[in-house]
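To start, the structure under review is shown below, and the notes come after it.
The values are calculated or read from the model by the stated rules, or taken from the named source; none is laboratory data. In this text, all values refer to a predicted model and were calculated from it rather than measured experimentally. Here the Cβ positions follow ideal geometry from the backbone for every residue, glycine too, while neighbour counts run over all protein chains shown. Note: areas computed on protein heavy atoms with side chains; ligands, DNA, RNA excluded. Shrake-Rupley method; radii C 1.70, N 1.55, O 1.52, S 1.80 Å.
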Amino acid sequence: MTDQTDTYTTLHRDTALADTLQEVIEQLGANTGLAYLLADDDRTLRSVIIGGAQPAIYVMPERVGTDAPYATAAAFRTGEMTTAGFPIPHPPGLKFASRIPFPYSVVALPIDTEHGRLGVVTFVWVPPRTHFLSTREVAWLKDTTEDLGRILGALADRAVGMRPGTKPALLPLYRRGPRPAGTVDSRWGLPGHPGSTEVSFMYQIHQLAAELNEATSVSDVTAVVRQRVMTPFGATAFLVHVLKDGRLWVAGHSDYPTVALRLLHGAAATAHRADADALLTRTPLYFADRSALLHTYPHAVDDGLEATAYLPITSHQQPLGVCTLGFPQRRVFSSEEQAVVMLMMDLIGPALERATLTESTRQLAEKLQKKLLPRDLVEVPGMTTTARYVPASSTAGLGGDWYDMIPLPGCRIALVVGDVEGHSIESSVVMGQLRSAVRAYATEGHSPGTVLSRANRLLNELDTDLMATCCLIDFDTTTGTAETALAGHPTPLFRTSDGTVITPRLPAGLPLGISPDTHYTTTDIPLTPGTTLFLYTNGLTATPDTDSTDADAGVWTHSLLSPAPPSIDELADQLIQQASVHTAHHDDVALLIAHYEGPVPGPNRRITRMTFHRHDLKAVKTARQFITDSLHTWGLDDLIDSTRLVTSEIVTNALIHADSDVDLRLREYPDHLRLEVRDTDPTPPIPTAITLTTETSQHTEHGRGLHIVDALSTGWGNSPTGRGKTIWVDIYNNP
């Protein structure tokens with residue numbers, strides 16, 4: 001019941017209101033009745049009793065301003081019975097209450113006493129009545145309201161408060177006996193049992209709300225929509241559009257025809273389209289069959305569905321998107337179903353907005369983090385490198401993992417992998433500061449231990465409480481010496497040419513950022529030609545139960561001991577794939593692999609490169625000439641034609657699809673050539689013919705001529721890095 005100071009007398013007031021509502025609902029067949037009293041501010045009518053059946057009682061306005069353009073407020077202002085939604089003239093300027101998500105008829109009457117006007121009683125019919133109340137019904141309704149006014153006036157004379165409390169009392173009222181045809185769908189509840197249908201409706205709404213609370217991404221929200229909206233309503237297909245930049249973009253779908261999806265994805269949200277009209281007017285549209293849809297929208301996309309419902313999704317009265325439900329046969333939505341489905345959309349709106357904001361924040365942080373990673377892998381004579389960066393799978397999966405390769409004088413290279421704690425934009429920012437510091441100190445010529453000591457002092461001076469770990473190797477390709485230092489980071493692994501995996505015993509050191517006076521030790525490790533170095537962060541090996549990567553490293557070294565893949569790129573892919581299968585992947589991953597070929601490159605280890613600007617119209621022609629000149633100089637004229645064709649395909653589509661500067665490299669091996677084309681778009685290329693699903697197709701590039709590449713090469717692959725990818729192709733010499 002409402003808040004009260006005198007339970008007995010206030011109870012009499014509320015009972016009189018409830019009895020009147022129940023009597024009118026039973027006598028005139030209304031769905032819902034509301035009793036409003038004037039609040040203390042004398043400008044707001046607040047509901048005291050809301051009576052009727054679920055779910056309609058949950059969408060009735062709890063508060064109405066006395067100056068609002070609704071029937072309830074108009075009745076209070078004028079002192080006359082006010083109606084809307086009937087086939088008779090209404091007061092000018094009168095509108096329907098925007099919160100009620102379905103068509104209805106309404107009658108509102110003022111509650112007058114000798115002491116003045118106390119409030120209003122309002123009655124709602126769903127669906128709208130096709131004819132107005134009879135003269136006898138109107139007279140009876142006015143008499144009943146006048147009787148209520150006399151009762152409340154008498155109670156007021158006995159000092160009973162006539163101001164509303166802080167919350168309304170809900171009065172469930174279920175019709176007994178047969179219901180009007182078409183008002184209830186038999187799939188809801190148990191027929192013949194009053195209240196079963198209504199409670200079944202509310203059960204679905206409750207379950208939807210509970211599951212939406214756990215949804216953290218747009219895909220999670222659409223999965224909940226499939227389970228809690230599409231399935232209960234018997235739809236065979238659904239589609240969720242989100243509004244962005246004046247266009248409707250497909251955020252998720254289930255069993256929707258692919259051809260229709262392509263036509264609808266990214267279409268302008270303009271009038272004369274059912275989904276756009278539903279969104280712009282914030283009014284649900286129901287079409288019981290295809291002919292009804294085509295009658296209103298003759299140019300509607302042919303989606304193979306018979307019946308369709310277009311349901312606007314809003315939040316804070318702002319349009320967010322549209323949910324489309326499709327049915328294979330004729331389908332009529334009852335008034336109760338219309339109320340339920342729009343209540344569901346009211347819940348989906350904030351959840352979708354929250355998920356969209358979360359994903360936007362994540363994407364912004366990921367872009368920031370990737371911009372702070374190296375664009376290119378550094379090459380030095382006698383060493384090949386590859387790297388991977390994989391964000392965590394969760395929506396909070398932002399992190400501070402990084403890798404770096406720093407060219408140093410005298411055929412030396414610094415290999416760096418680090419990890420700033422936390423999963424936030426701050427972690428990414430601190431990572432960028434640390435990476436810059438380590439690069440600057442290493443370039444100055446300091447030893448790895450000194451570099452980490454200086455970086456540690458810097459991190460302690462920064463305005464942050466975050467710690468970081470780091471592994472730094474200063475590698476001399478002329479001597480094979482790896483000067484290594486650790487700051488609380490997983491120990492690097494070395495795989496020798498015979499397949500033996502070595503875990504060197506190194507001082508672990510404290511993480512950076514704990515104590516400014518910490519000193520770090522440099523350890524010299526001699527390596528032989530053919531050795532592969534592995535530097536990684538704990539996201540590669542950590543499990544949900546432990547973050548101890550040194551202990552876990554032994555679990556995945558088995559794959560390093562197995563027959564080695566043809567290239568370190570394939571080995572990197574193998575390790576990342578293994579990590580996604582055998583770990584929880586709650587953390588981001590940085591992996592850096594370097595293969596030491598030997599101190600002297602030799603005559604068959606030549607490297608040449610060329611870079612093209614994204615807007616260079618002659619880039620492809622220049623690339624073809626570059627291949628011709630390079631291979632002719634190397635005495636490999638037999639490979640010119642095939643290599644030029646492969647280069648044309650990859651460079652052309654890199655410029656078109658990636659829209660970035662393109663770096664072209666040729667690397668010579670004793671028995672084959674490796675062609676590498678690098679751009680700044682991390683989207684992996686997939687030949688159209690092997691794209692299995694529409695979802696996969698939405699996230700891949702096409703038109704790269706990869707079938708030609710596959711036919712002319714011995715092997716090819718994609719090596720994603722933090723800021724882009726490398727398409728590599730191996731072309732072997734003919735015997």
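Taking the stretch 516-545 only, how many residues are surrounded by fewer than 18 Cβ atoms within 10 Å (Cβ to Cβ), of a type in the set (Val, Ile, Thr) and not in a loop (DSSP other than H, G, I, E, B)?
Adding up the residues that qualify gives 2.
What residue, of Thr145, Thr83, Thr135, is farther than 30 Å from Pro312 by Cβ and open to solvent by less than 20 Å² (accessible area, probe 1.4 Å)?
Going through Thr145, Thr83, Thr135 in turn, the sole match is Thr145.
For every residue, the table says whether it meets (1) in contact (Cβ under 8 Å) with a residue 60 or more places away in the chain; (2) within 30 Å of Ala215 (Cα to Cα); (3) touching an Asp or Glu at 6+ places or on another chain (Cβ under 8 Å); (4) not in a strand (DSSP E or B).
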position: Thr386; (1), (2), (3), (4): yes, no, yes, no
position: Tyr403; (1), (2), (3), (4): yes, no, no, no
position: Gly422; (1), (2), (3), (4): no, yes, no, yes
position: Arg439; (1), (2), (3), (4): no, no, yes, yes
position: Leu452; (1), (2), (3), (4): yes, no, no, yes
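Can you find, within the stretch 156-172, the residue that is farthest from the chain's Cα centre (by Cα) among those that are over 15 Å from Ser47 (Cβ atoms) and open to solvent by less than 70 Å² (accessible area, probe 1.4 Å)?
By that ranking, first place goes to Ala156.
Tell me which of these Gly153 doesn't satisfy, since it passes every other one: (1) open to solvent by less than 50 Å² (accessible area, probe 1.4 Å); (2) under 52 Å from the mean Cα position of the chain (by Cα); (3) modelled with pLDDT under 95.
Among (1) open to solvent by less than 50 Å² (accessible area, probe 1.4 Å); (2) under 52 Å from the mean Cα position of the chain (by Cα); (3) modelled with pLDDT under 95, the lone unmet condition for Gly153 is (2).
So that you can scan it fast, the table gives a plain yes or no per residue for (1) modelled with pLDDT under 95; (2) in contact with a Gly (Cβ under 6 Å, 6 or more places away or on another chain); (3) open to solvent by less than 20 Å² (accessible area, probe 1.4 Å):
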{"position": "Leu37", "(1), (2), (3)": "no, yes, yes"}
{"position": "Asp40", "(1), (2), (3)": "yes, no, no"}
{"position": "Gly51", "(1), (2), (3)": "yes, yes, yes"}
{"position": "Glu62", "(1), (2), (3)": "yes, no, no"}
{"position": "Pro89", "(1), (2), (3)": "yes, no, no"}
{"position": "Gly93", "(1), (2), (3)": "yes, no, no"}
{"position": "Ala97", "(1), (2), (3)": "yes, no, yes"}
{"position": "Tyr104", "(1), (2), (3)": "yes, yes, yes"}
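Considering the stretch 93-135 alone, what residues qualify as being over 27 Å from Leu343 (Cα atoms) and part of a strand (DSSP E or B)?
Answer for the stretch 93-135, where residues must be over 27 Å from Leu343 (Cα atoms) and part of a strand (DSSP E or B): Leu109, Pro110, Ile111, Asp112, Thr113, Gly116, Arg117, Leu118, Gly119.
Give the residue, chosen from Pro492, Pro516, Pro507, that is touching a Leu at 6+ places or on another chain (Cβ under 8 Å) and over 21 Å from Thr385 (Cβ atoms).
Pro507
Residue by residue, here is whether (1) open to solvent by 40 Å² or more (accessible area, probe 1.4 Å); (2) within 21 Å of Asp573 (Cα to Cα); (3) of a type in the set (S, T, N, Q); (4) out of contact with any Gly (no Cβ under 6 Å at 6 or more places or on another chain) holds:
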site	(1), (2), (3), (4)
Thr361	yes, no, yes, yes
Lys371	yes, no, no, yes
Val380	no, no, no, yes
Arg388	no, yes, no, yes
Met405	no, yes, no, yes
Arg412	yes, no, no, yes
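If Glu337 meets every condition in (1) outside any helix (DSSP H, G or I); (2) more than 26 Å from the chain's Cα centre (by Cα) apart from one, which number is that one?
Unmet for Glu337, out of (1) outside any helix (DSSP H, G or I); (2) more than 26 Å from the chain's Cα centre (by Cα): (1).
For residues that are touching a helix residue (DSSP H, G or I) at 6+ places or on another chain (Cβ under 7 Å) and in contact (Cβ under 8 Å) with a residue 60 or more places away in the chain, scanning just the stretch 251-264, find the one that is farthest from Ala209 (Cα to Cα).
The qualifying residue farthest from Ala209 (Cα to Cα) is Thr258.
Just to be sure I understand the filter: pairs with C-beta atoms under 6 Å, separated by 6 or more residues or on different chains, first member in the stretch 265-287 and touching a residue at least 40 places away in the same chain (Cβ under 8 Å) and under 14 Å from Pro319 (Cβ atoms), second member crowded, with 17+ Cβ neighbours inside 10 Å and of a type in the set (Phe, Trp, Tyr). Which pairs pass?
Short answer, once both residue conditions are applied: Asp275/Tyr310; Ala278/Tyr310.
When the stretch 596-638 is examined, which residues are found to be among the hydrophobic types (A, V, I, L, M, F, W, C) and either at pLDDT 80 or above or out of contact with any Ser or Thr (no Cβ under 9 Å at 6 or more places or on another chain) (or both)?
Ile607, Met610, Phe612, Leu617, Ala619, Val620, Ala623, Phe626, Ile627, Leu631, Trp634, Leu636
Against the condition at pLDDT below 90, under 30 Å from Leu280 (Cβ atoms) and either out of contact with any helix residue (DSSP H, G or I) (no Cβ under 8 Å at 6 or more places or on another chain) or assigned to a loop (DSSP other than H, G, I, E, B) (or both), how does Thr166 come out, does it pass?
Taking the combined requirement at face value, the residue does not satisfy it.
Among the listed residues Val332, Val322, Val340, which satisfies the condition of being open to solvent by less than 40 Å² (accessible area, probe 1.4 Å) and at pLDDT 90 or above?
One residue alone meets the criteria, Val322.
Which count do you get for residues in the stretch 200-241 that are touching a strand residue (DSSP E or B) at 6+ places or on another chain (Cβ under 9 Å) and in contact (Cβ under 8 Å) with a residue 60 or more places away in the chain?
Adding up the residues that qualify gives 14.
If Cys323 passes every condition in (1) in contact (Cβ under 8 Å) with a residue 40 or more places away in the chain; (2) farther than 15 Å from Thr222 by Cα but one, which one does it miss?
Every listed condition holds for Cys323 apart from (2).
Considering every residue within the stretch 300-316, establish whether at least one is without any contact (Cβ under 8 Å) to a residue 24 or more places away in the chain and of a type in the set (S, T, N, Q).
no
Could you check Glu353 against (1) open to solvent by less than 50 Å² (accessible area, probe 1.4 Å); (2) not in a strand (DSSP E or B) and say which number it fails?
The number of the failed condition is (1).
What is the one condition in (1) modelled with pLDDT of 75 or more; (2) loosely packed, with under 14 Cβ neighbours inside 10 Å that Gly177 does not satisfy?
The single condition Gly177 does not satisfy is (1).
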